[in-house]
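Peer 1: The structure that follows is given in the form of structure tokens.
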Amino acid sequence: MMGTSHLWAQASDRVRLAIIGLGGRGNDHLKVFSKVKNVEIGAVVDPDGNRAEKAAQWVLQNTGRRSKVESDMRRVFEDKEIDAVTIATTNHWHALTAIWAMQAGKDVYVEKPVSHNFFEGQKLVEASRKYNRIAQGGTQRRSYGIFRKSMGMLHDGVIGDIYQAKWVFPGRRDSIGYKPYETVPGWLKWDLWLGPAPEQQYHANLVHYNWHWFWDFGNGELGNNGIHLVDIARWGLQKELPSKIYCTGGRFGYKDQAETPNTQTVTWRYPDGSEIIGELRGLYTGEQMSWDFFGSKGHMHINADGKFTIVLGRNKQPEAPVEALPEVDHYGNFCEAVRSRDRKQQNAEINETHLSTSLCHLGNIAYRMGRELTFDPAAGKFVGDTDSDRLLTRRYRAPYVVPENL
């Protein structure tokens, strides 16, 4: 889908958005973007007609404006009045939606994970460069004051040379059971929902949330919530793609229809020996979400509640508390970059979120292959491992194809 470059700038600096995908995150987009100055929600899009109509009513009641209602995203790409889109679809639609939008001259805000596989992420970044579009990822912790402060201190050497970043995410999820195949409900446009994924029968464990736990559509908990923790760990370590990946885990505690693991431990190792270790726990635990960074001079611990502590040397007591930087509106940050056309202004520019998303893809591939993998970041392939390479992309269902050549 090609289009001419969109001339978004107007005298009022208004940014007119289309919200694509109206589940939990999409409805959050409605609420947060409607509060950003000089932003209008011009269209809402979802193959679930009930969701789309409900969202349009919300826009009218809360902003006093009527938005267009669409089931097919391609119609908003053709709309000259739409400047940018936010994407909160199922994971398997994220990259293609963004690429189509950028080809049509729109800027894009893409929820995490920004791609369903590694190849898509590469093409997503390539498209933002080729079409000169602003593209931002939904890794909003990049705008939180605690992380802006703690990451800055790590980069300034507060704990010395960092050799390990470790994170824990306790998901605490129950079985999804089994749902039978059945006729597609009348309110759902099934072909549009499936998009790039293989043709298959409908069942209620796919629509609307549990698609996360099926490989055709989601990326498991590692791609769902783990991406946020991976992103902070990689930011603190100041690394890009790893050279060694190892993952263990499984779907423990119950048998159900889902395919992805509910428990994973992943190690991403870099050529200099530094590493990121991530632990996902899907069953019951008293653990809290956290990050730990270990360096040659000390240790930094970051809690889920927005506090961090530093212990240096042989000291057992933490250093004096440090005040966080002010919060930044992550969504406003995107809109300001749309106006300024300055990619460097973004807190989560698409290449950064692509790199963090890629670690999730590589971790899942290591899990599926059941062995340690060696990756060549420069080539974007595994070393002598064509079986693993196949999982870096997918077979696309026409016409919903991520193009090899943009």
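No lab work stands behind these numbers, since they all come straight from the coordinates. Because the structure is a prediction, the values reported are computed rather than measured. Using ideal geometry, Cβ is built from the backbone for each residue, glycine included, and neighbour counts are taken over all protein chains shown.
Peer 1: Which trypsin sites (Lys or Arg not before Pro) in region 309-347 sit in a loop by DSSP (not H, G, I, E or B) and have at most 12 other Cβ atoms within 10 Å of their own Cβ?
Peer 2: Counting only loop positions with at most 12 other Cβ atoms within 10 Å, the trypsin sites (Lys or Arg not before Pro) in region 309-347 are 314, 316.
Peer 1: Enumerate the amide H contacts of residue 85 below 5 Å, restricted to partners 5 or more residues apart or on another chain; note that Pro and chain-start residues carry no placed amide H.
Peer 2: 18, 107, 108, 109
Peer 1: Okay, moving on. Apply the Karplus parameterisation 6.51 cos²θ - 1.76 cosθ + 1.60, with θ equal to phi minus 60°, to every residue of region 349-359 and state each ³J(HN,Hα) to the nearest whole Hz, in sequence, with x for glycine and proline.
Peer 2: Once rounded to whole Hz, the list reads 4, 4, 5, 5, 5, 4, 4, 5, 4, 4, 4.
Peer 1: While we're here: Report the label-to-label distance for residue 25 and residue 174 in nanometres (one decimal), using points 7 Å from each Cα along the Cα→Cβ vector.
Peer 2: 2.5
Peer 1: Using helices alone, I'd like the mean residue ellipticity at 222 nm for the chain: each DSSP H run of four-plus residues gives -39500 (n - 2.57), total over residue count, nearest 500.
Peer 2: It comes out at -8500 deg cm²/dmol, rounded to the nearest 500.
Peer 1: Name the residues whose placed amide hydrogens come within less than 5 Å of the amide hydrogen of residue 244, ignoring near sequence neighbours (fewer than 5 apart) on the same chain.
Peer 2: Result for residue 244 returns 269, 375.
Peer 1: Quick query: amide H of residue 68 versus all other amide H atoms, modeled in the peptide plane; which residues come in under 5 Å with a sequence gap of 5 or more or a different chain?
Peer 2: The answer is 43, 44.
Peer 1: For the chain, find the longest principal axis of its Cα atoms and tell me its angle to the long axis of helix 118-130, 0 to 90°, nearest 10.
Peer 2: 70
Peer 1: What span do the alpha-carbon atoms of region 84-209 cover on each of the three principal axes, reported in whole Å from largest to smallest?
Peer 2: Per principal axis, max minus min of the Cα coordinates gives 59, 42, 24 Å.
Peer 1: With both bridge residues required to lie in region 15-141, what share of the DSSP beta bridges run antiparallel, to the nearest 5%?
Peer 2: Approximately 0 percent, going by the DSSP bridge assignments.
Peer 1: Another question, then. Would you calculate the convex hull of the Cα atoms in region 300-406 and tell me its volume per residue in Å³?
Peer 2: 242
Peer 1: Angle between the Cα long axis of helix 330-340 and the longest principal axis of the chain, 0 to 90 degrees, nearest 10?
Peer 2: 60
Peer 1: Dipole of the chain (Lys/Arg Cβ +1, Asp/Glu Cβ -1, origin at the Cα centre): which of 162, 192, 85 lies farthest to the positive side?
Peer 2: 85
Peer 1: Averaged over all directions, how much area does the convex hull of the C-alpha atoms of the chain cover when projected, in nm²?
Peer 2: With the hull built on Cα positions only, its mean projection is 20.3 nm².
Peer 1: Let me ask another. What FRET efficiency, computed as 1/(1 + (r/R0)^6) with R0 = 25 Å and r the Cβ-Cβ distance, is obtained for residue 379 and residue 401, rounded to the nearest 0.05?
Peer 2: Efficiency, from the Cβ-Cβ distance: 0.60.
Peer 1: Now for a different question. What percentages make up the Cα-Cα pair-distance distribution of region 217-342 when the bins are 10 Å wide from 0?
Peer 2: Calculated P(r), rounded to whole percents: 10, 31, 32, 22, 5, 0.
Peer 1: Using alpha carbons only, how many degrees (0 to 90, rounded to 10) separate the axis of helix 145-155 from the longest principal axis of the chain?
Peer 2: 50
Peer 1: Sticking with this one: In a shell of Cβ-Cβ distance under 12 Å around residue 275, excluding residue 275 itself, what net charge do Lys and Arg (+1) and Asp and Glu (-1) give?
Peer 2: Cβ neighbours under 12 Å give a net charge of +4.
Peer 1: Which loop trypsin sites (Lys or Arg not before Pro) in region 15-51, with loop taken from DSSP, have no more than 14 other Cβ atoms within 10 angstrom of their Cβ?
Peer 2: 35, 37
Peer 1: What are the ³J(HN,Hα) values, in whole Hz, obtained from phi via the Karplus relation 6.51 cos²θ - 1.76 cosθ + 1.60 with θ = phi - 60°, for each residue of region 24-39 in sequence order, with x given for Gly and Pro?
Peer 2: These are the phi-based 3J(HN,Hα) values: x, 5, x, 5, 5, 4, 4, 5, 6, 6, 5, 9, 7, 4, 6, 10 Hz.
Peer 1: In whole Å, largest first, what are the principal axis extents of the Cα atoms in region 1-158?
Peer 2: Here the spans come out as 51, 35, 34 Å, largest first.
Peer 1: Let me ask something else about it. Can you check how the C-alpha radius of gyration of region 236-299 compares to 2.2 N^0.38 Å, as a plain ratio?
Peer 2: Relative to the 2.2 N^0.38 Å estimate, region 236-299 comes out at 1.38.
Peer 1: Got a sec to turn the phi values of region 55-60 into Karplus ³J(HN,Hα) couplings, 6.51 cos²θ - 1.76 cosθ + 1.60 with θ = phi - 60°, whole Hz, x for Gly and Pro?
Peer 2: Listing the rounded values in order: 5, 4, 5, 4, 4, 5 Hz.
Peer 1: Using the alpha-carbon centroid of each, what span in Å lies between region 326-373 and region 35-95?
Peer 2: Answer, in whole Å: 22.
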